[in-house]
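**Student:** After the structure tokens below, expect a handful of questions from me.
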Amino acid sequence: MRIGVPTESRVGESRVAATAETVKKLVQQGHQVTLQAGAGLKASQPDGAYEEAGAQIGDIHAAFDADIVLKVRAPSTEEVPRMRQGAILVGMLGRLDQTNSELLAQVGVTAFSLEAAPRTTRAQSMDVLSSQANIAGYKAVLIAAQHYKRFLPMLMTAAGTVKAARVLVLGAGVAGLQAIATAKRLGAVIEASDVRPGVKEQVESLGAKFLDVSLLTDEEREIAKGVGGYARPMPSDWLRRQATLVHERAKQADIIITTALIPGQKAPVLLPEEAVMEMKPGSIVVDLAAADGGNCPLTVADEVVERHGVTLIGHTNLASMVAADASALYARNVLSFLTILLNSNDARVLNMEDDIVKACLVSHDGRVRDAQS
């Protein structure tokens, strides 16, 4: 198969969908790989490294005129027509972006959105959400430390003792757990909250205190289990109790990192304006849900703003700020997906009945697949 890797055109996107490591493996499998010149430069992947791995370097036309096009983000409306009918597109396409999905279907592209891969053991190697969230959680702490006007660790000096910063992490998924681990390495005192009581052991194993909100009803206990590794919306009474606890702990925090997302829905509000107003002057909030409405209503997507003496950071693509490692992990995710997508005996025959492949399918045969099916 002819595989093309274009340069990412979205503003601020520094990642690339294939690295020299994965290109070498694709070439060894018998595929012809063509990258747009400079596609990997922002991810520390020079054209020469790709050529040494067996790839060809071409222009944007060569990268899009392939049997399989590998992308990080969805192609723009100007890029979609560059793909030919019957081509395969693999990337993080925005599973619920109906307009983009319809455009891909009109061109006749068979598109797969890797965000939709199920949270199963078999699909772990292609779980792009986890690989990129892991990086976002790490980077969130470093960005918070950059904006925070004090030390994170406790320091004992001749001039006196500096207290350790208090970090509050809201949401203990992949990003939240990595944020806890990173903040711990930097010497902060950490607390964390999550709707799923089952993550308490993980939180505490990383050295953080878990803020436990009691589950009072069978309904609360059932919903708290989550589904497919994701949190579910909790009942209003539980949310009220959690909000009260978070509000109290927020007043003591120096840095708050919010990571809560619910697939297909606007991000839940975990840090209302009233809580921000009572935070200490100079405190920092890094809102990893900024792209989905934010866990704090004061957050502005892709901006750093100050409200009530608190700095709110709304970067929506933290993984791209660590482009080299983010690309390395993402490219391996893509390679794992291609391994199950393409038949080992005849790559032209797709394994469309595979459960992971079906879950990721966005468009095929000129039709958009229902995101709920």
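The values are calculated or read from the model by the stated rules, or taken from the named source; none is laboratory data. All values reported here derive from a predicted model rather than from experimental measurement. Here the Cβ positions follow ideal geometry from the backbone for every residue, glycine too, while neighbour counts run over all protein chains shown.
**Student:** From the residues in region 67-103 that are among the hydrophobic types (A, V, I, L, M, F, W, C) and more than 17 Å from Ala39 (Cβ to Cβ), which one is nearest to the chain's Cα centre (by Cα)?
**Tutor:** So, considering only residues that are among the hydrophobic types (A, V, I, L, M, F, W, C) and more than 17 Å from Ala39 (Cβ to Cβ), the one nearest to the chain's Cα centre (by Cα) is Leu93.
**Student:** From the list Thr259, Thr244, which residue is of a type in the set (Val, Ile, Thr), at pLDDT 85 or above, assigned by TED's automatic domain parsing to the domain that holds Val310 and within 24 Å of Thr182 (Cβ to Cβ)?
**Tutor:** Only one candidate passes the filter, namely Thr259.
**Student:** Across region 25-37, what is the number of residues that are touching a strand residue (DSSP E or B) at 6+ places or on another chain (Cβ under 9 Å) and either farther than 12 Å from Gly54 by Cβ or assigned to a helix (DSSP H, G or I) (or both)?
**Tutor:** Residues flagged as touching a strand residue (DSSP E or B) at 6+ places or on another chain (Cβ under 9 Å) and either farther than 12 Å from Gly54 by Cβ or assigned to a helix (DSSP H, G or I) (or both) within region 25-37 amount to 4.
**Student:** Could you check how many residues of region 13-46 are under 19 Å from the mean Cα position of the chain (by Cα) and on the phi > 0 side of the Ramachandran plot?
**Tutor:** Total meeting the criteria: 0.
**Student:** Restricting attention to region 301-317, does a residue exist that is part of a helix (DSSP H, G or I) and either modelled with pLDDT of 95 or more or within 16 Å of His147 (Cα to Cα) (or both)?
**Tutor:** No: region 301-317 contains no residue that is part of a helix (DSSP H, G or I) and either modelled with pLDDT of 95 or more or within 16 Å of His147 (Cα to Cα) (or both).
**Student:** Taking Pro153 and the conditions (1) surrounded by fewer than 24 Cβ atoms within 10 Å (Cβ to Cβ); (2) out of contact with any Gly (no Cβ under 6 Å at 6 or more places or on another chain), which numbered condition does it fall short on, given that it satisfies the others?
**Tutor:** (2)
**Student:** Of these, Val162, Val189, Val174, which one is over 18 Å from Gly314 (Cβ atoms), surrounded by fewer than 24 Cβ atoms within 10 Å (Cβ to Cβ) and either in contact (Cβ under 8 Å) with a residue 60 or more places away in the chain or touching a Leu at 6+ places or on another chain (Cβ under 7 Å) (or both)?
**Tutor:** Val162
**Student:** Have a look at Glu201, Glu248 and point out the one that is within 30 Å of Ala117 (Cα to Cα), among the charged types (D, E, K, R) and either free of Cβ contacts under 8 Å to residues at least 60 places away in the same chain or in contact with a His (Cβ under 7 Å, 6 or more places away or on another chain) (or both).
**Tutor:** Testing whether each residue is within 30 Å of Ala117 (Cα to Cα), among the charged types (D, E, K, R) and either free of Cβ contacts under 8 Å to residues at least 60 places away in the same chain or in contact with a His (Cβ under 7 Å, 6 or more places away or on another chain) (or both) leaves just Glu201.
**Student:** Hey, does region 124-144 have a residue that's among the aliphatic types (A, V, I, L, M) and farther than 20 Å from Ala192 by Cβ?
**Tutor:** Yes, because at least one residue in region 124-144 is among the aliphatic types (A, V, I, L, M) and farther than 20 Å from Ala192 by Cβ.
**Student:** Hey, another quick one. State which residue pairs qualify: first residue in a loop (DSSP other than H, G, I, E, B) and inside region 343-372, second residue of a type in the set (S, T, N, Q) and modelled with pLDDT of 90 or more in any location, beta carbons under 7 Å apart, and separation of 6 or more residues or different chains.
**Tutor:** Partner pairs satisfying both residue conditions: Arg369/Ser363.
**Student:** What residue, of Gly187, Gly198, Gly207, is over 30 Å from Pro235 (Cβ atoms), out of contact with any helix residue (DSSP H, G or I) (no Cβ under 8 Å at 6 or more places or on another chain) and not in a strand (DSSP E or B)?
**Tutor:** Result: Gly187 is the single residue among Gly187, Gly198, Gly207 that is over 30 Å from Pro235 (Cβ atoms), out of contact with any helix residue (DSSP H, G or I) (no Cβ under 8 Å at 6 or more places or on another chain) and not in a strand (DSSP E or B).
**Student:** Same structure again: Where the second residue is part of a loop (DSSP other than H, G, I, E, B) and not aromatic (Phe, Trp, Tyr) and the first is within 18 Å of Val349 (Cα to Cα) and not assigned by TED's automatic domain parsing to the domain that holds Gln106 and lies in region 68-95, which pairs have Cβ atoms under 6 Å and are six or more apart or on separate chains?
**Tutor:** none
**Student:** Between Asp65, Asp59, which is crowded, with 16+ Cβ neighbours inside 10 Å and among the acidic types (Asp, Glu)?
**Tutor:** The unique qualifying residue is Asp65.
**Student:** From the list Gly293, Gly264, which residue is small (Gly, Ala, Ser), surrounded by 14 or more Cβ atoms within 10 Å (Cβ to Cβ) and out of contact with any strand residue (DSSP E or B) (no Cβ under 9 Å at 6 or more places or on another chain)?
**Tutor:** One residue alone meets the criteria, Gly293.
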